[in-house]
Number of protein chains: 2
Amino acid sequence: MRLSSSQENYLKAIYKLEVGDGIATNQSLAALVEATPASVTNMLRKLTEAGWVEYQAYQGATLTPSGRNEAVTLVRKHRLWEVFLVEKLHYDWDAVHSLAEELEHIGGEELINRLDAFLEHPAYDPHGDPIPNAKGVVRIRQHAIAASEAVVGDRFVVCGVKDSSSLFLRHLDKLSICLGKAYTLIDLLEFDQSAVWTEKDSALTSVSNEVAKNVLIQLTDE
Amino acid sequence: MRLSSSQENYLKAIYKLEVGDGIATNQSLAALVEATPASVTNMLRKLTEAGWVEYQAYQGATLTPSGRNEAVTLVRKHRLWEVFLVEKLHYDWDAVHSLAEELEHIGGEELINRLDAFLEHPAYDPHGDPIPNAKGVVRIRQHAIAASEAVVGDRFVVCGVKDSSSLFLRHLDKLSICLGKAYTLIDLLEFDQSAVWTEKDSALTSVSNEVAKNVLIQLTDE
DNA sequence: TTTGGTTTTTAGCTCAGGCTAAAAATTTTA
DNA sequence: TAAAATTTTTAGCCTGAGCTAAAAACCAAA
């Protein structure tokens, strides 16, 4: 049985919650899919009947294996389309989310595997999030920590973001922080916990703690 | 006001009929959008109210300028996605129609213009149909005639098809007829009106009249 | 011009997926 | 543990887009 776009969005939302906090309550789902809790109850009943979701009244929802499979495929589709939009169509990284959200509902395995091959099997999307492979295996990003965890003297490479809202991404653009760039943390200002990063021992970037908390880095050898 | 996928399909169908036979009757529309005439009546009323269509009961439908604009954009989107699927994702030309039908409803001008640029502004889709430009101008295919019009001795290049059903396209594949190939018509068999084509004065292809009627060609200099 | 056939419209129904408002269940707090 | 607050569910309604069956309009031929 084929899922509607709307149903797919619910599966994706449950998946996100499972991966994150753990529990997909009715209300958190409502927020994610932008509907009322009443509508969520309704949809969860249908998805349960169809075998995508395990759900008992007042108990929250979990995905069945096939539901999880479906959700991972959606994440895969979403992230591959984002790569396409940024790499091939030269969209800014803050502008691709909503388009990918539309594209992810198109076609099936065939299309997405061809897209994957065309893009040469990218491992990460433009925000540094890992792209599940064709078998649904999500490669975990190794050793990634928030930039706010770094201490003076650390060398690191920016490898992702926790917040991929347009607002935050455009802010990073203004600081010319982007994925793959290498920095050394040369100072941590006690007053407001802001950090000073150097790039190639020359350009300085001043990073507020609020920003650092949402930037993911990998420490590199001294 | 944004159009739904369904509404877009109606506009495209009316456009097709206008370009072809001329008159978009309720019944012919029903066939094209795969709905009943009753549903068509219903939708035409809505599209008329919204200013996309001119329509009076029992009189058939015509597009308003903005409706036509919308329809041409859809054709553009459809054909550009077909080019993408064939050129970049290496789909066979007989397998792209239904995917393009889904993709054509995604995003707006921005996306399609970027796709157009990425594909380097192709003039024709994989079936040889012309792709309207960003201003909605449809470049007419010059001098194209049906292959069944050719006479013995004519040299020509295959430039399009009238029938782009999977069945027909796969049949052409079997005859290894594809767009851009040059032939000379060396014989016309009176018995069943089938034709014999040579390619580069060596390989022979036998083409039934039924096929020839659906292959578009351009005559070339002797 | 009247009769019959075709096409279109109307009327009323269905289904998916939303919504609100109120009721019920659960959890928290006093 | 009882009251208050929160969350979830139920009930009933709406909209878009389709459907069928029957009525109405139109066209054509006798």
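Bear in mind these aren't lab numbers, they're just calculated from the coordinates by the rules spelled out. The model shown is predicted, which means the values in this text are computed figures rather than measured ones. Glycine gets a Cβ as well: all are built from the backbone with ideal geometry, and neighbour counts include every protein chain shown.
Relative to the compact-globule estimate of 2.2 N^0.38 Å, the Cα radius of gyration of segment A:96-142 comes out at 1.17. Expressed as a fraction of 2.2 N^0.38 Å, the C-alpha radius of gyration for segment A:145-219 is 0.97. Projecting label points 7 angstrom from Cα along Cα→Cβ for B:LYS88 and B:LEU219 puts them 4.0 nm apart. The angle between the Cα long axis of helix A:65-83 and the longest principal axis of the Cα atoms of chain A comes to about 50 degrees, rounded to the nearest 10. Between B:THR198 and A:ARG2, what FRET efficiency follows from the Cβ-Cβ distance if R0 is 41 Å, with the result rounded to 0.05? Computed FRET efficiency for B:THR198 and A:ARG2: 0.30. Ascending distances from the A:MET1 label point to its copies in the other chains, with the point 7 Å along the Cα-to-beta-carbon line: 3.4 nm.
Determine, from the Cβ-Cβ distance of A:ASP21 and A:CYS178 and an R0 of 22 Å, the FRET efficiency 1/(1 + (r/R0)^6), rounded to the nearest 0.05. So, using R0 = 22 Å, E works out to roughly 0.15.
Put the label 7 Å from Cα along Cα→Cβ for A:GLY22; what are its distances to the other copies, in nanometres, shortest first? Result, one decimal in nm: 7.3. Size descriptors for segment B:93-195, from the alpha-carbon set: Rg then Dmax equal 16.8, 55 Å.
For GluC sites (Glu not before Pro), the sites in segment A:1-41 that DSSP calls loop and that have at most 12 other Cβ atoms within 10 Å are A:GLU34. Taking every DSSP helix (H) stretch of at least 4 residues in chain A, weighting each as -39,500 (n - 2.57) and dividing the sum by the residue count yields a mean residue ellipticity at 222 nm of -11500 deg cm²/dmol. Global size of segment B:29-176: 17.9, 56 Å for Rg and Dmax (C-alpha atoms, Rg to one decimal, Dmax whole). Using the alpha-carbon positions of the protein assembly as shown, Rg (one decimal) and Dmax (whole number) come out as 27.7, 96 Å.
On the basis of the beta-carbon distance and an R0 of 25 Å, B:ARG139 and B:SER166 show a calculated FRET efficiency of 0.40. A straight chain from B:ARG155 to B:PHE191 at 0.36 nm per residue would run longer than the Cα-Cα distance by 10.7 nm.
Across the copies of the chain, B:GLU120 has label points (7 Å from Cα along Cα→Cβ) spaced 1.8 nm apart, shortest distance listed first. Projected onto planes of every orientation and averaged, the convex hull of the alpha-carbon atoms in segment B:1-60 covers 3.7 nm².
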